[in-house]
Amino acid sequence: MPHTVTLIPGDGTGPEITTATRRVLEATGIEFEWDVRQAGSEMLEKQGTVLPDDVLESIKRTKVGLKGPITTPVGRGQRSANVTLRKKLDLYANLRPAKTYPGLRSRYENIDLVIVRENTEDLYAGIEFQRGTSHQEELLELIERTTGQKLDPHSALSIKYISVLATRRIVRFAFDYARTNDRRKVTIVHKANIMRLSDGLFLATAHEVAKEYPDIQHEDRIVDNMCMQLVQKPEMYDVLVLPNLYGDIISDLSAGLIGGLGVAPGANIGSQYAVFEPVHGSAPKYAGQNKVNPMAMMFSGVMMLRHLGEKEAAVRLEKALMQVIAEGKYVTYDLKPRPDDPTAVGTSQVADAVIERLRRL
């Protein structure tokens, strides 16, 4: 039986890398029934939203989505499609591996990190109050009344909230992932020395959950120190579990350690649904130029294959990608020694090379 998957090309360079990824996934020999749904800037113009309801309904039916990047309009009052997708489908765990492969341009070797980011709370929950509104004024009065602090009335406010429920399930996800994948250690990342109540709750709850996993080492790190540690000695770390904002920052830092966002995959996973996508953005200035690296989305496809139980196909595709990277001949400009290297190939040519490698495996 073919796997039914919602396919969201996205916008900007999304359609190009989605087409390339679809081709290599089909070349593994696994059968797919793609339910293609449109989201992004084009839908904003047509329907007034970057994420139409039919996209969500499709994922609810198929349970699995493969998504290209979607642009978030700046300053237009539109909530991020990614944030909306995660909230509406309760995709509470953002899973972002960061792994070095021979041939990648990186200052490091043998990095194999997994970032587990809480996806539904923290400052990214989108609870904000615009200056000059009645709700903002009410909140300013409440803050002054309860804390004695009088804030500038010309302030916009964002609410950071962290709950016991969400913390427990993301930390359990991290420890379960570590146990299932033979990982040695989970590091809890926080800023509880400053945000003693919100991050303090995250840290205390995480340590409680850690007691349920005596077979897995655990420790905690303050987020700014964690950044320094990852730059100095990333080999000391394995699985990191973090609140939403820190997880976003650390996952990009980790992508930088392994060679850039062009090879950084991601997954958003909940109790019922899972959506796989590259970490990078839509890069609209390169749209239609057959230029950008599709490998982050292809590696996301590897993660999707594993999620679907197609482990052999996942291993073959990852191996094919590794071989293309190691050879260094059929890769895009960002994986060449110099960005202006005339031997760099385009998006579709990378797919051709990966498919050729798959045929030999």
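The values are calculated or read from the model by the stated rules, or taken from the named source; none is laboratory data. The structure displayed is predicted, hence computed values, not measured ones. With ideal geometry, Cβ positions are generated from the backbone for all residues, glycine too; neighbour counts draw on all protein chains shown. For accessibility, only protein heavy atoms count, side chains too; no ligands or nucleic acids. Shrake-Rupley method; radii C 1.70, N 1.55, O 1.52, S 1.80 Å.
List of remarks:
- Carbon plus sulfur fraction of accessible area for the stretch 100-244, probe 1.4 Å, in percent: 50
- Beta bridge orientation in the chain: antiparallel %, DSSP, nearest 5: 40
- In this structure Arg105 has an accessible area near 110 Å², from a 1.4 Å probe over the protein heavy atoms.
- Gain in span if fully extended, Ala326 to Met236, counting 0.36 nm per residue against the direct Cα distance: 29.9 nm
- Unit charges at the beta carbon, dipole of the stretch 210-323: most positive-side option, Met228, Ala267, Val239: Ala267
- Model label sites at Asn225 and Asp53, defined 7 Å from Cα along the beta-carbon direction, differ in position by 5.0 nm.
- Using the Karplus relation 6.51 cos²θ - 1.76 cosθ + 1.60 with θ = phi - 60°, the per-residue 3J(HN,Hα) values for the stretch 51-66 come to 10, x, 4, 5, 5, 5, 5, 5, 5, 4, 7, 7, 6, 9, x, 10 Hz, with x marking Gly and Pro.
- Nearest 10 degrees, 0 to 90: helix 244-258 Cα axis against the chain principal axis: 30
- Inter-probe distance in nm under a simple model that places probes 7 Å from Cα toward Cβ, at Gln38 and Leu139: 3.5
- Per-residue SASA remark: Arg179, around 100 Å² accessible (1.4 Å probe; ligands, DNA and RNA not included).
- Of Glu219, Glu26, the residue with the largest accessible area leads and the full order is Glu26, Glu219 (1.4 Å probe).
- With Cα atoms defining each centre, the stretch 155-216 and the stretch 80-145 are spaced 14 Å apart in the structure.
- Only alpha carbons enter this Debye calculation for the stretch 243-361, each as an equal point scatterer, and the log10 of I(q)/I(0) it gives at q = 0.13 Å⁻¹ is -0.55.
- Derived scalar couplings between HN and Hα for the stretch 151-166 equal 8, 4, x, 8, 10, 9, 10, 10, 9, 9, 10, 9, 10, 5, 4, 5 Hz in order, rounded to whole Hz, by the Karplus curve 6.51 cos²θ - 1.76 cosθ + 1.60 (θ = phi - 60°), x for Gly and Pro.
- Rolling a 1.4 Å probe across the protein heavy atoms gives the stretch 100-153 an accessible surface of 66 Å² per residue.
- Altogether, the Stokes-Einstein calculation at 10 °C and 1.306 mPa s, with the Kirkwood radius of the stretch 290-334 over Cα pairs as Rh, returns a diffusion coefficient of 143 µm²/s.
- Distance from the alpha carbon centroid of the stretch 5-34 to that of the stretch 227-243 works out to 32 angstrom.
- Assigned charges on the beta-carbon of Lys, Arg, Asp, Glu; the chain dipole about Cα centre (debye): 500
- Ranking by accessible area, most exposed first, for Arg359, Arg338, Arg23 with a 1.4 Å probe: Arg359, Arg338, Arg23
- Cα long-axis angle, helix 14-27 against the chain (0 to 90 degrees, to the nearest 10): 50
- With the whole protein complex present, Leu197 retains an accessible surface near 150 Å², based on a 1.4 Å probe.
- Accessible surface comparison of Ile222, Ile59, probe 1.4 Å, protein chains only, largest first: the order is Ile222, Ile59.
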